[in-house]
Amino acid sequence: MPAEATPTPPAPEAQKPLDTFAKATQALTHIFMRTDVTPVLGIILGSGLGNFADQVQDAVAIPYAEIPHFPQSTVEGHNGKLVVGTIGGVPVAVMAGRVHAYEGYAMDDVVFPTRVLARLGCKKLIVTNAAGGINKSFGQGGLVCIADHINMTGQNAAIGKNEVRWAVKKGSGQRFFDMSAAYSPTLRALAKAEAEQQGTPLPEGVYLAVLGPSYETPAEIRAFSTLGADLVGMSTVHEVIVARHMGMDVLGLSLVTNMAAGVSDDAINHEEVMEIGRRVEGQFTSLLKALIPQVAAATEA
Ligand code: HPA
């Protein structure tokens, strides 16, 4: 038969690239195949704080590797599992481990899990991280409530075609969106009151995000201090940006694992960051556990 008589079959539909929203649909479909819980609160655990996931009751733990399109952390200390269950009767989805832009991930991947948390049903988000202390009144091992942030990563996770379907709240999901109360004043007040009750110091501070992975130079830290930063870290701001795009209410907590470069004479190393996490685990756990039902019940002022 002559060659021209063989028609070329049409390209199969499956080869069309999926957009991020469709990828998130596949991820949450997989998650809901494995749990009956519909979480209302998402919690992202930072470096050294991953053990908090053990607090989840009736837990279903799903390694990121098993969730379609979920990025996997390459950093030691970021376990990489999603734990769905309840804490204090509140349905939660806890991320033990996150990915960072410095690992080479695109912005869309860095915030993909946050997008999925929202799609699972989380209208509130607690983000935690390890941070360097710039404010000299902070001490190593202290907890700080994030009041605001400065994004110095040079990237913004909300770039690209706007997708209004991400909204979890009426009016959210817009191209341009407000960041003036990115860290919910209501949730910050709850955290402050609960910390006081527990006798745990919880000052507030401005978190400045850098791309990393190098720690900062002392000159950079002096510059950041002049800009109004109290804390420095390599995560959180992108998750908070997309959380606010979707209309989630956010509480942010930092653990000061080290004083930032030049604030103390000591060199900074990742082992120390992890070790401090283990040391304050008790305090962090009891504060967060007590806060979860309050955060879940809170209505924005
Ligand atoms: N700088 C940036 N990120 C960090 C630090 C720091 O000093 N400590 C923990 N994460």
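Brief remarks follow.
- Number of residues in segment 249-272 that are near the ligand (Cβ under 9 Å from one of its atoms) and surrounded by fewer than 19 Cβ atoms within 10 Å (Cβ to Cβ): the value is 3.
- Condition check for VAL168: out of contact with any helix residue (DSSP H, G or I) (no Cβ under 9 Å at 6 or more places or on another chain) and either buried (at least 16 other Cβ atoms within 10 Å of the Cβ) or over 16 Å from LYS123 (Cα atoms) (or both): no
- Answer residue from segment 51-60, given it is touching a helix residue (DSSP H, G or I) at 6+ places or on another chain (Cβ under 8 Å) and outside any strand (DSSP E or B) and is surrounded by the fewest Cβ atoms within 10 Å (Cβ to Cβ) among those: ASN51
- Within segment 248-277, being farther than 30 Å from ASP178 by Cβ and of a type in the set (A, V, I, L, M) holds for MET259, ALA261, VAL263, ALA267, ILE268, VAL273, MET274, ILE276.
- In segment 223-248, residue nearest to the ligand (Cβ to nearest atom) [restricted to those that are under 16 Å from the mean Cα position of the chain (by Cα) and in a loop (DSSP other than H, G, I, E, B)]: MET234
- Tally of residues being away from the ligand (no atom under 16 Å from the Cβ) and touching a residue at least 24 places away in the same chain (Cβ under 8 Å) across segment 46-60: 9
- Of the residues making up segment 142-157, those that are part of a loop (DSSP other than H, G, I, E, B) and under 15 Å from the mean Cα position of the chain (by Cα) are ASN156, ALA157.
- Only one entry of ALA243, ALA223, ALA290, ALA267 meets the criterion of being over 26 Å from LEU41 (Cα atoms) and at pLDDT 90 or above, and that entry is ALA223.
- On the stretch given as segment 203-215, residues that are closer than 19 Å to ASP148 by Cβ, near the ligand (Cβ under 10 Å from one of its atoms) and assigned to a loop (DSSP other than H, G, I, E, B) total 1.
- From the list THR29, THR20, THR35, the lone residue that is in contact (Cβ under 8 Å) with a residue 60 or more places away in the chain and either over 16 Å from LEU288 (Cα atoms) or touching a His at 6+ places or on another chain (Cβ under 6 Å) (or both) is THR20.
- Taking (1) crowded, with 18+ Cβ neighbours inside 10 Å; (2) out of contact with any Gly (no Cβ under 9 Å at 6 or more places or on another chain); (3) not in a loop (DSSP other than H, G, I, E, B) in turn, THR186 satisfies each apart from (1).
- Failed condition for ILE43, given (1) crowded, with 24+ Cβ neighbours inside 10 Å; (2) within 16 Å of the ligand (Cβ to nearest atom); (3) of a type in the set (A, V, I, L, M); (4) at pLDDT 95 or above: (2)
- The test for being of a type in the set (Asp, Glu), part of a loop (DSSP other than H, G, I, E, B), more than 16 Å from the ligand (Cβ to nearest atom) and out of contact with any Phe, Trp or Tyr (no Cβ under 7 Å at 6 or more places or on another chain) holds for ASP178.
The values are calculated or read from the model by the stated rules, or taken from the named source; none is laboratory data. As the structure is a computational prediction, the values presented were derived from the model and not from experiment. Glycine gets a Cβ as well: all are built from the backbone with ideal geometry, and neighbour counts include every protein chain shown.
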